[in-house]
Amino acid sequence: MLVHVVTHPEVRVEPEVPAPQWALSDAGRDRLRHLLAQPWVPRLARVVASPERTAVETAAPLAASVGLRVAVDAGLREHPEESGRSEERAQARVVAAAGRAVAGADGDVALVCHGGVGTLLLCALLGVPADRRLGQPGEGSVFAYDPVSRRVASPWVRLGPPD
């Protein structure tokens, strides 16, 4: 079993709309085709997403392509509604959400989230402090890890054609 941490692709920035309600852009929806073509997609047993719109818009076609429903976990939220937003608290929240996502899964799991959330999880897996330099190469990226050994199985890769 592997966990595939997927970040939403490009968004349509609308300054008058709160960021959690932004939608995917045309380029982002185009990049989704590359996500659906990944060789691990047929092995998915569960798809879990942040409740924010861009993550759900990314997760829905991924889940539908293998006959699954999207589970939503607020622990994957990029914009948490909590006080004391320290990186350590945020990292613990994300790690806990990842643990809930894999519990009882009988195949691969996709966590669909945001770049900063994926970076927090990757740093926790590597046992290093949160570091933006370990972030995704661009929106619409994926890395994979083994949830038992916590070993990173593949580094961040940007989905789709080179920009």
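The values are calculated or read from the model by the stated rules, or taken from the named source; none is laboratory data. The shown structure was predicted, so the numbers you read here are calculated from the model rather than taken from an experiment. Positions of Cβ are generated from backbone atoms using ideal geometry, with glycine treated the same way; all protein chains shown enter the neighbour counts.
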For the stretch 117-135, which residues satisfy the criterion of being modelled with pLDDT under 95 and closer than 22 Å to Ala19 by Cβ? Ala130, Arg132
Look at Val66 and say whether it is touching a helix residue (DSSP H, G or I) at 6+ places or on another chain (Cβ under 9 Å) and surrounded by fewer than 19 Cβ atoms within 10 Å (Cβ to Cβ). yes
I'd like to know if the stretch 48-57 contains one or more residues that are part of a loop (DSSP other than H, G, I, E, B), touching a Phe, Trp or Tyr at 6+ places or on another chain (Cβ under 9 Å) and either surrounded by 17 or more Cβ atoms within 10 Å (Cβ to Cβ) or of a type in the set (A, V, I, L, M, F, W, C) (or both). yes
Pairs, please: C-beta under 8 Å, at least 6 apart or cross-chain, first residue over 15 Å from Val6 (Cα atoms) and in the stretch 55-81, second among the charged types (D, E, K, R) and outside any helix (DSSP H, G or I)? Leu68/Arg46; His79/Glu52
Among Pro42, Pro9, Pro20, which is assigned to a helix (DSSP H, G or I) and modelled with pLDDT of 95 or more? Pro42
Is at least one residue of the stretch 141-155 farther than 25 Å from Trp22 by Cβ, polar (S, T, N, Q), modelled with pLDDT of 95 or more and touching a Phe, Trp or Tyr at 6+ places or on another chain (Cβ under 9 Å)? yes
